[in-house]
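Some notes on the structure that comes next.
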Amino acid sequence: MAHGALTSLRSPWPVPARPPHVVIFPLPAQGHVNTMLRLAELLILRSGRNGLCVTFLNSEQNHLRLLSFTDAADRFSEHPTFCFKTISDGLPPEAPLSKDTILEMMEYLKLTARDVIADVIAPPPTSSSLPPVTCIIVDGALSFVIDLGEDIGVPVFVFRTISACGFWAYFCMPRLVEAGELPIQGEDDKDRLLTSIPAMEGFLRCRDLPTFCQVTDLSDAFFRYIEDQTIRTSQARGLILNTFDALEESMLDQIRPHCPNLYTVGPLNTHLRSIQLSTGSSPVISSGGRSSNSLWKEDRSCLRWLDMQPERSVVYVSFGSITVFKGKELTEFWHGLAASKFRFLWVMRPGSVPDQDEEDDELRAVTRERGCIVEWAPQEEVLAHPAIGGFLTHSGWNSTIESIAAGVPMVCWPYIAEQPTNSRFVSEVWKVGMDMKGSCDRRVIERMVGDLMTGRREELATTAACMAEAAAEAVSQGGSSWDSMNRLIDDIWTMASPHKRVDH
Ligand code: UDP
């Protein structure tokens with residue numbers, strides 16, 4: 001590690017006898033682990049060489065995959081104040097994540113969290129280089145940890161890895177019920193405009209709500225779980241979001257009265273990368289590469305394929321780590337892309353596609369001619385590649401904010417959770433793409449991809465470039481996300497000091 005470079009970044013925080021020790025507890029799923037690892041690395045790099053310590057709780061399965069497929073082991077071994085600790089997620093090995101298994105996993109973690117926390121905050125052995133735990137940063141999907149932490153005197157921050165608009169929609173679930181706007185009355189009711197979510201009146205329809213809110217029965221287990229976990233956020237010492245002020249100001253204004261201690265530190269991928277570059281923090285970064293937290297093996301051959309394509313000529317197609325196609329959806333996408341005549345790079349994750357009952361020779365021929373299919377891509381590098389002209393995405397928050405940070409316009413086909421809310425904001429508020437939700441028809445796909453790559457290309461690209469600039473500004477020194485991260489580190493230091501309190 002380039003200690004000299006780090007020294008120049010060293011923070012104004014003093015070097016106490018017992019530095020703070022933060023436990024980071026993500027939901028064991030790709031998007032959550034990825035984001036919270038980025039936060040962990042940023043906390044360490046931004047707080048300087050004598051900075052705080054981090055223990056990262058990783059599920060056994062994810063840990064094996066992370067070590068097999070990424071540079072994480074080397075990267076984190078550079079930081080003597082960082083350690084992984086593995087826990088069980090309660091799922092059988094290799095069980096794919098779906099709506100059902102995620103709920104099962106969250107219920108399991110709820111049952112076991114007390115023991116996990118007790119174990120991790122137990123006094124460290126005298127041989128340990130880590131000091132006692134001084135605070136916990138828990139995933140907002142596991143907010144029950146707030147009470148456990150407070151019971152034993154360890155303050156808890158919540159990190160919600162979703163957009164501010166998604167969080168605010170969840171936060172308003174009780175209002176929607178009170179106003180009689182939920183439950184919905186079935187498919188025909190989905191175009192109804194909602195009026196009881198402040199700052200979303202006029203454009204948010206039932207179909208734009210997070211999927212877990214689009215229920216016809218209020219006793220739905222997921223609905224109740226998410227509502228409960230979201231409301232608890234107000235009791236945390238602070239709420240951390242992977243967004244930036246200029247992007248979601250109106251949402252943040254709504255959230256602040258309920259969660260006054262708000263830290264907006266995103267986009268975390270660009271925030272981290274700029275610090276990694278300035279500190280020369282790992283051999284991968286020093287040699288011009290990028291760090292990765294992928295739980296699948298990245299196929300880097302697609303970057304060589306992209307190198308051979310003209311500028312802004314390729315549609316990047318990826319639906320994240322959880323989406324599974326049903327029925328004819330895959331075939332519709334394939335026909336739509338083929339008919340659009342544009343080049344495409346498509347991530348077909350193992351397990352996401354149904355067994356093809358028939359091989360379509362025509363589609364295979366089109367793919368050979370102007371397509372590239374991989375099982376998992378180095379997405380950040382792909383989005384930054386000059387050959388990419390647009391992103392056909394499922395609107396997962398990481399993918400959305402990574403695309404915004406890279407200035408790449410989107411066509412959105414949301415699948416689960418708050419993705420329908422993100423896609424509505426992409427099309428109606430940020431105007432950096434189009435929303436295809438509710439439809440999976442080859443003609444619609446062909447038309448929207450055509451608009452993305454030619455029809456509306458300049459208009460969307462111009463807005464996307466402005467957004468990317470605002471994102472870069474937010475994470476640069478003195479920007480809103482940079483300042484938020486300073487404040488977070490400051491508050492973590494203050495809480496670790498026995499004589500100081502942080503009152504917000
Ligand atoms: N990702 C990746 N390679 C791929 C597809 C996705 O590295 O081929 C990463 C992507 O950059 C993002 C994460 O996986 O950071 C997916 O998170 P997101 O919130 O977009 O969706 P989820 O997987 O949670 O549905």
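Just so you know, all these numbers are worked out from the coordinates, no wet-lab data involved. Since the model is a prediction, treat every value here as computed from it, not as a measurement. All Cβ positions, glycine included, derive from the backbone under ideal geometry; neighbour counts span all protein chains shown.
The equivalent ellipsoid that matches the C-alpha gyration tensor of segment 367-421 spans semi-axes of 20, 14, 10 angstrom, in descending order. Among 153, 172, 125, whose Cα projects farthest towards the positive end of the dipole of segment 120-208, with charges put on the beta-carbon of Lys, Arg (+1) and Asp, Glu (-1)? Among 153, 172, 125, the one farthest towards the positive end of the dipole of segment 120-208 is 125. Taking the Cα centre of the chain as origin and assigning +1 to Lys and Arg Cβ atoms and -1 to Asp and Glu Cβ atoms, the resulting dipole is close to 1320 debye. Each residue in 139, 71, 441, 191 was given a count of other beta-carbon atoms within 10 angstrom of its own, and listing them fewest first yields 191, 441, 71, 139. Residues whose amide H comes within less than 5 Å of that of residue 417, counting only those at least five positions distant or on another chain, are 211, 212 (H built at 1.01 Å from N in the peptide plane). Using only side-chain charges placed at the Cβ, +1 for Lys and Arg and -1 for Asp and Glu, the dipole size of segment 163-268 relative to its Cα centre rounds to 360 debye. Can you give the angle from 0 to 90° between the axis of helix 60-69 and the longest principal axis of the chain, with both taken from C-alpha atoms, to the nearest 10? Orientation of helix 60-69: about 70 degrees from the principal axis. When the GluC sites (Glu not before Pro) in segment 30-127 are filtered for DSSP coil states and for at most 16 other beta-carbon atoms within 10 Å of their beta-carbon, the remaining sites are 78, 94.
Estimated from helices alone, the mean residue ellipticity of the chain at 222 nm is -13000 deg cm²/dmol (sum of -39500 (n - 2.57) over DSSP H runs with n ≥ 4, per residue).
Taking amide H as placed 1.01 Å from N in the peptide plane, the amide H of residue 56 sits under 5 Å from that of 24, 83, 84, 85, each at least 5 places away or on another chain. How large is log10 of I(q)/I(0) for segment 203-315 at q = 0.15 Å⁻¹ when the intensity is taken from the Debye formula with one equal scatterer per alpha-carbon? Cα-only, vacuum Debye calculation for segment 203-315: -1.03.
Give me the net charge for the shell around residue 418: Cβ to Cβ below 12 angstrom, other residues only, Lys and Arg +1, Asp and Glu -1. Counting the neighbours of residue 418, the net charge comes to +1.
Restriction of the GluC sites (Glu not before Pro) in segment 356-441 to DSSP coil positions whose beta-carbon has at most 16 other beta-carbons within 10 angstrom yields 358, 359, 375. Report, to the nearest 10°, how far helix 221-232 tilts away from the longest principal axis of the Cα atoms in the chain, using its own Cα long axis and a range of 0 to 90°. So the inclination is approximately 40 degrees. Shown in residue order for segment 144-159 are the 3J(HN,Hα) couplings computed by the Karplus curve 6.51 cos²θ - 1.76 cosθ + 1.60 at θ = phi - 60°: 4, 5, 4, 5, 4, x, 5, 4, 9, x, 10, x, 10, 9, 9, 10 Hz (x for Gly and Pro). Ordered by the number of other Cβ atoms lying within 10 Å of each residue's own Cβ, fewest first, 116, 347, 158 fall into the sequence 116, 347, 158. The order of 326, 85, 437, going from fewest to most other C-beta atoms within 10 Å of their C-beta, is 326, 85, 437.
Kirkwood radius, segment 47-156, all distinct C-alpha pairs, inverse of mean reciprocal distance: 15.6 Å. Pairs from the list 341/437; 110/328; 190/326; 85/326; 110/437 with a Cα-Cα gap above 30 Å: 110/328; 85/326; 110/437. Within segment 421-455, what residues put their amide N at less than 14 Å from the label point 7 Å along the Cα-to-Cβ vector of residue 249? Zone members listed by number: 430.
The local environment of residue 130, defined by Cβ-Cβ distances under 12 Å, has a net charge of +2 under the rule Lys, Arg +1 and Asp, Glu -1. Using a cutoff of 8 angstrom between alpha carbon atoms and counting only pairs six or more residues apart, the relative contact order for segment 361-501 works out to 18 percent.
Label zone of residue 108 (point 7 Å out along Cα→Cβ, amide N under 17 Å): in segment 70-102 this covers 86-102.
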